[in-house]
Structure formats: C-alpha cells, structure tokens
Amino acid sequence: IGVGTSKSPEGPFDLVGDGKLFTSKEIGVINSIDPFYIEEDGKKYLIWGSFHGIYGVELTKEGTKVKNMNNKFQIAGSKFEGSYIYKRNDYYYLFVSIGSCCDGDNSTYQAVVGRSKNLKGPYLSQKGESMLDNKYTVILSGNQKFVGPGHDSRIVLDKNGKTWMQYHAYLRGNSKIGRVVWLDEVKWTNDNW
C-alpha cells in the first residue's frame, strides 16, 4: 500500500518518499490491498485487507506514515475484502465483500455489513454475530439484471438526506464488457440497520 499527496483531488500526485506506506511482509498481513482511510477523534487510520483478515492501523498526524506497525488491530475475519466504514448516528458500519469478484456470470461476490459503536470493533451482524468469526449481514447480491455486486467504493449522503452506495458488478449475460459501476440507495430501518 502506498501514498501520494496533491493540492488538488485531480492531481498530479507526488509520492511520499518512495511511495510505500508498507508491504504485506512489513505489516504482517498477507495480501495487504484495498486501503480505506478514515479520521476519528482527531486521529487518522488506514483500514485494509483482502481474504486474510481486515485490519486497521493508526497513521501519523500528517496521515502519510504508519504511527506504529506493531499496533495494528483486526476488525474482521478472513472471508472479506474491499473495506468501507461509514459512520451514521451512534454506529460505524463496516461494508465489505465476500465471494469471487471476477468470474463474469459465475461471480459469487456479495456486499455485506456489520456494525459497531467503536471504530476498532467489535463489528457484529444483525444477528449479533462477530465479523471476526466471518459472520455478516448480506445487503446486496446478484439478481436477473446483474451479478457479482460488491467492493463498495464510496458511500455518500446527499442533500436530501438519502444515503448512496457505489459498487461494481457485471451485467448478467454481458460480462465480457467487464465490471461496471452501479449506484444504489441504502435504505435504513428504524433500528439503524
């Protein structure tokens, strides 16, 4: 996982040092990909991982280096990848994906979620089961129109108070064009699920 900085979201981005934040070997997590950045209580964190656990680590004040590699924390088991944490009311929602993402019409990818009152967990499914034990609540799976939805890239709140989730999926029967980006509204229940 690497890092670069820019004065504009459009770039150009300059590497910080040699561009490396850490390697899988240095941080001790196999397949260290899919970074997600979040700030909470004046601290900056990186959440990452892909099918070998979802982990977090605090970054320095500038957000360009790991504060202490030995202080990583695990928030979910080995069934997940593509982390995105969204804070709403008193909860942090850990959106992740399970299954195979890239097999066209045979993809089994699904978007799943758990929630916690603490950024570092424990994250629990709607049934109260721990994501550290690979438990989850499914929020999106394939249907007649698309297959393999997941890997939430952004969850946003619009000016009308609606929450929207971006993700990728294949058009069923037309997977040769590759994965396409979708946008769906996230519907919340009265008990904050």
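The values are calculated or read from the model by the stated rules, or taken from the named source; none is laboratory data. No experiment lies behind these values; they were computed from the predicted model shown. Here the Cβ positions follow ideal geometry from the backbone for every residue, glycine too, while neighbour counts run over all protein chains shown. Heavy atoms of the whole protein, side chains included, go into the accessibility calculation; ligands, DNA and RNA do not. Shrake-Rupley method; radii C 1.70, N 1.55, O 1.52, S 1.80 Å.
Applying the selection to the range 120-154, what residues are open to solvent by less than 10 Å² (accessible area, probe 1.4 Å) and in contact with an Asp or Glu (Cβ under 9 Å, 6 or more places away or on another chain)? Lay out the reasoning, then the answer.
Here is the first cut: in the range 120-154, the residues open to solvent by less than 10 Å² (accessible area, probe 1.4 Å) are 123, 125, 131, 147-150, 152.
Listed by number, the residues that qualify are 147, 148, 149, 150.
Meeting the requirement of 2 or more residues that are among the hydroxyl-bearing types (Ser, Thr, Tyr), the strands (runs of 3 or more DSSP E) wholly within the range 105-193 are 163-171.
Determine, yes or no, whether residue 109 is within 19 Å of residue 137 (Cβ to Cβ), open to solvent by less than 30 Å² (accessible area, probe 1.4 Å), in contact with a Cys (Cβ under 9 Å, 6 or more places away or on another chain) and of a type outside the set (D, E, K, R). When the stated conditions are applied, residue 109 passes them. For the structure I just gave you, tell me whether residue 84 is open to solvent by 30 Å² or more (accessible area, probe 1.4 Å) and part of a strand (DSSP E or B). For residue 84, the condition - open to solvent by 30 Å² or more (accessible area, probe 1.4 Å) and part of a strand (DSSP E or B) - is not met.
Look through the range 1-39, keep the residues that are in a loop (DSSP other than H, G, I, E, B) and among the acidic types (Asp, Glu), and return whichever of them is farthest from residue 61 (Cα to Cα).
Only one residue tops the list, namely 10.
The residues of the range 48-81 include none that are of a type in the set (Ser, Thr, Tyr), surrounded by fewer than 19 Cβ atoms within 10 Å (Cβ to Cβ) and not in a loop (DSSP other than H, G, I, E, B). Checked against (1) without any contact (Cβ under 8 Å) to a residue 40 or more places away in the chain; (2) farther than 19 Å from residue 123 by Cα, residue 49 passes all but condition (2).
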